[in-house]
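Provided herewith is a single structure, encoded as structure tokens, for subsequent inquiry.
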Number of protein chains: 2
Amino acid sequence: MTVAINLASKFASFEAQWTPKIIGEVNDCDVKVAKLNGAFVWHHHDEADELFLVVRGRMTMRFRDRSVEVGEGELIIVPRGVEHLPVAEDEVHVLLFEPKGTLNTGSARGERTVEDPERL
Amino acid sequence: MTVAINLASKFASFEAQWTPKIIGEVNDCDVKVAKLNGAFVWHHHDEADELFLVVRGRMTMRFRDRSVEVGEGELIIVPRGVEHLPVAEDEVHVLLFEPKGTLNTGSARGERTVEDPERL
């Protein structure tokens, strides 16, 4: 059943930070939502480009050689293989597009890895 | 160069309706922006799921058996093979995710087909 997916409702339905939730599938990609706050872990994805669209708040995408500020209504595409570290001073709500099965921590599997994201 | 892409700036940079513009690439998909107003043409995409995220305004996605209202901050994923007709009573700004090379008119190639979308 093809329905409209309301982003605000999806974000309102969970509290946990750094735990991406799958809200849809399009071609070979998952559409995910996540709440980020603080610094994540340095990682990269060997075979996945990753798109972050900031729906609320703002974040910094740190790369090894520089940082990019990403504000509300802005998106950033991190190419495969590029090390990155998402950082948010306050809670930020992001929409993610990435190939199915992409781990949130990519190369840096550990305690912050979400192996099997919940579907909302 | 990985930069932040501001959606409002992209929408402010063109006027034409029904002419998708490519603003980024992620995996095998293009990220596009488009301004829609009025009714498009009935069509489907044989091998492409298509995601519409309404950034401003609202639209109706008509299917052969029903219609779905899609408001600001909502998205809809039209599965491959499903006939659909986007309709907007007033101008609506949408972000699109679809496989590279997807034609806006899909199966209904004609005067409204944009063969080679501009890159912004």
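Bear in mind these aren't lab numbers, they're just calculated from the coordinates by the rules spelled out. Just so it is clear, the structure is predicted and the values come from calculations on it, not from any experiment. Cβ atoms come from the backbone with ideal geometry, glycine included; neighbour counts cover every protein chain shown.
With the dipole of chain B worked out from charges on the C-beta (+1 for Lys and Arg, -1 for Asp and Glu) around the Cα centre, which of B:Leu120, B:Ala34, B:Ser13 lies farthest toward the positive end?
The residue sitting farthest along the positive end of the dipole is B:Ser13.
Counting other Cβ atoms within 10 Å of each Cβ, which trypsin sites (Lys or Arg not before Pro) in the range B:56-96 have at most 13 and sit in a DSSP loop?
B:Arg64, B:Arg66
OK, next. Just counting partner chain Cβ atoms within 10 Å, what average do the residues of peptide A:16-25 show around their Cβ?
1
Here's another thing I want to ask about it. Under the rule of -39500 (n - 2.57) per DSSP H run of 4 or more residues, summed and divided by the residues of chain A, what mean residue ellipticity at 222 nm is obtained, to the nearest 500 deg cm²/dmol?
The per-residue figure over chain A is -1000 deg cm²/dmol.
Taking 25 Å as R0, compute the FRET efficiency from the Cβ-Cβ separation of B:Asp28 and B:Leu120 and round it to 0.05.
For B:Asp28 and B:Leu120, the calculated efficiency is 0.80.
Let me know the mean shielding of A:4-11 by other chains, meaning the per-residue number of their Cβ atoms within 10 Å of its Cβ.
5
Under the rule of at least 5 residues apart or a separate chain, name every residue whose amide H is placed under 5 Å from the amide H of A:Cys29.
Counting only residues 5 or more places away or on other chains, the set is A:Lys100.
Another question, if that's okay. Let me know the whole percent of all Cα-Cα pairs from chain B that are separated by more than 23 Å.
Considering chain B, 22 percent of its Cα-Cα pairs are separated by more than 23 Å.
Oh, and also: Whose amide H sits under 5 Å from the amide H of A:Ala48, counting only residues 5 or more places off or on another chain, with H placed in the peptide plane?
A:Gly81
For the pairs A:Lys21/B:Lys35; A:Lys32/B:Lys100; A:Lys21/B:Lys32, note any where the Cα-Cα span goes beyond 27 Å.
Check vs 27 Å cut-off fails for A:Lys21/B:Lys35.
Same structure again: Give me the one-decimal nm value for the distance between modelled label points at A:Thr2 and B:Glu111, 7 Å along each residue's Cα-to-Cβ direction.
Inter-label distance under the simple model: 2.5 nm.
Shifting gears a bit: If R₀ is 41 angstrom, what is the calculated FRET efficiency for the pair B:Asn37 and A:Thr60, using the beta carbon separation as r and rounding to 0.05?
Computed FRET efficiency for B:Asn37 and A:Thr60 comes out at 0.65.
Determine the shielding of peptide B:27-36 by partner chains: average, over its residues, the number of Cβ atoms on other chains within 10 angstrom of each Cβ.
3
Could you give log10 I(q)/I(0) at q = 0.15 Å⁻¹ for the protein assembly as shown, computed by the Debye formula over C-alpha point scatterers of equal weight, without solvent?
For the protein assembly as shown at q = 0.15 Å⁻¹, log10 I(q)/I(0) is -1.02.
Now a separate question. Identify which of A:Lys100, A:Lys32, A:Lys21 has the largest mean-square fluctuation in a Gaussian network model of chain A, with springs joining Cα atoms closer than 10 Å.
Sorting by GNM fluctuation, first place goes to A:Lys100.
Between A:His43 and residues 5 or more places away or on another chain, which pairs have amide H atoms under 5 Å apart, with H built 1.01 Å from N, and which residues are they?
A:His84
Please return the longest stretch of chain A lacking exposed loop sites, where GluC sites (Glu not before Pro) count only if DSSP places them in a loop and at most 10 other Cβ atoms lie within 10 Å.
Result, exposed sites excluded: A:16-110.
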